[in-house]
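First the structure, in the form of structure tokens, and then the observations on it.
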Amino acid sequence: MFLVCGEALFDVFAVARTPTGLSLDARVGGSPFNLAVGLARLAQPVSLLTTVSNGFLGERLMQALREEGVGTDTLRRSDAPTTLSLIGTDAAGVPSYAFYGDGGADRLLAPEAVVAVPEATRAICLGSYTTVVGETASSLRALVERHRHRALIAYDPNVRLNVQPDVEAWRGQLRWMLSRADLLKVSEEDLALIDGRAPEAFAREALASGVSLVVVTRGALGAIAWTGRERGEVAAPTVDVIDTVGAGDTFQAALLTWLAERDALRREALEELSPTALDAALRFATQAAAITCGRRGADLPRRAELPAV
């Protein structure tokens, strides 16, 4: 089973002006939330570890998780509000963002919540802003320290400077994770923000620090992967892009699914991946991400839409 840890929120889009204000379209989201849904759609057993509001928005998040088949036994509830990410556009179509997350429920994961990790957990996945803000950040560090020797640790920084503008906080979290993560997936954009080196130079340091598999996604250019011995690279499939919302989460869900279907969610199995296997894993993940890019919003694919094992 996968245990995905981190935020669950609403993306709120301003879709039209009304005589007295704005018409809004609110959609469930958050990178870990999307990853958990993506894994469930790819037929992987998965639970989400976060704190969800007791309010009506929290209830809608819970309903969405149940409908998608994501386990909710690891969730905590709180009277704190649900985090909101607001997206609007000006007359020229240029987007602007406002983030309302201070005191949000997903920042309030208590340390005791990370003790009772399900025994069946094979991989713990974390990333994005809840690793660098609030009580949740320290609780997730405790989770990694407590369970990293019995479960694979997968990390995707998924940097959100509109939430945590302190770049050094993201750099510090990345450095801390390098000696604890087994699988590190990072976008080329995030790498430029918090590291600045070429992907290959960064990968060498990550592998030397203890990471078993490093993957750098490059958008339309595809993806590159390294183990201590091998390297793989694939181009991205051609797709008519509608938007890229959820593409990175889709890639991670598909990569983890490919590994799970081959019983490779173990450090030693990652280290032994051949160049052919690396290319196949990247191809599977980029195909999945391309499907999401061809749809509106974070509409992640289901297992039947991708090649069989």
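Just so it is clear, none of the values below were taken in a lab; they were calculated from the coordinates. Bear in mind that the values here come from a model prediction, so they are computed numbers and not experimental data. Positions of Cβ are generated from backbone atoms using ideal geometry, with glycine treated the same way; all protein chains shown enter the neighbour counts.
Roughly speaking, what is the stretch gain from ASP102 to ARG27, that is 0.36 nm per residue apart minus the C-alpha to C-alpha distance, in nm to one decimal?
On the way: separation 75, 0.36 × 75 = 27.00 nm, distance 1.94 nm.
25.1 nm is the gain from fully extending ASP102 to ARG27.
If all Cα-Cα distances of region 2-305 are sorted into 10 Å bins from 0 onward, what percent lands in each bin, rounded to whole numbers?
6, 29, 38, 22, 5, 1, 0
What's the FRET efficiency of LEU193 with PHE56 using the Cβ-Cβ distance as r and R₀ = 51 Å, to the nearest 0.05? All intermediate terms of the calculation are to be shown ahead of the outcome.
On the way: r = 35 Å, r/R0 = 0.69.
For LEU193 and PHE56, the calculated efficiency is 0.90.
Using just the helices of the chain, give the 222 nm mean residue ellipticity in deg cm²/dmol: DSSP H runs with n ≥ 4 each add -39,500 (n - 2.57), and the total is spread over all residues, rounded to 500. Each step should come with its number before you reach the end.
Values: 9 runs with 107 residues, N = 309.
Theoretical 222 nm ellipticity from helices: -10500 deg cm²/dmol.
Find the relative contact order for region 118-183 and round it to a whole percent, using C-alpha pairs within less than 8 Å whose residues are 6+ positions apart. Provide the component values of the computation, followed by the final result.
Details: 65 pairs, mean separation 26.6, N = 66.
It rounds to 40 percent for region 118-183.
Compute the signed sum of charges (Lys and Arg +1, Asp and Glu -1) over the other residues within less than 13 Å, Cβ to Cβ, of GLU230. Please report the intermediate quantities before stating the final value.
Details: positive: ARG229, ARG231; negative: GLU233, GLU271, GLU272, ASP279.
So the surrounding residues net to -2.
If you take every DSSP beta bridge fully contained in the chain, what fraction is antiparallel? Give it as a percent rounded to 5. Write out the running numbers ahead of the final one.
Values: 23 of 51 bridges.
Counting DSSP beta bridges with both partners in the chain, the antiparallel share is about 45 percent.
Test of understanding: extend the Cα→C-beta vector of VAL309 to 7 Å, then name every residue of region 222-256 with backbone N under 18 Å from that spot.
Under cut-off, by backbone N: 253-256.
So what are the ³J(HN,Hα) numbers for region 39-49, from phi and the Karplus equation (6.51, -1.76, 1.60; θ = phi - 60°), rounded to whole Hz, Gly and Pro as x?
Running phi through 6.51 cos²θ - 1.76 cosθ + 1.60 with θ = phi - 60° gives 5, 4, 5, 8, 6, 9, x, 8, 10, 10, 9 Hz.
State, to one decimal in nm, how far the label point of ASP90 lies from the label point of ALA120, with both points 7 Å from Cα in the Cβ direction.
If labels sit at ASP90 and ALA120, their model points lie 5.2 nm apart.
Could you check the spin-label model distance between ARG296 and ARG180? Points 7 Å from the Cα along Cα→Cβ, value in nm.
If labels sit at ARG296 and ARG180, their model points lie 4.0 nm apart.
Evaluate the distance, in nm, between pseudo-label points positioned 7 Å from the Cα of GLU233 and of THR18 along their respective Cα→Cβ axes.
5.2 nm
Scan region 104-180 for GluC sites (Glu not before Pro) in coil per DSSP, keeping those whose Cβ has at most 11 other Cβ atoms within 10 Å, and list them by number. Spell out each step's value before the answer.
Working: sites: GLU112, GLU119, GLU135, GLU145, GLU168; in loops: GLU119.
When the GluC sites (Glu not before Pro) of region 104-180 are filtered for loop state and at most 11 Cβ neighbours within 10 Å, GLU119 remain.
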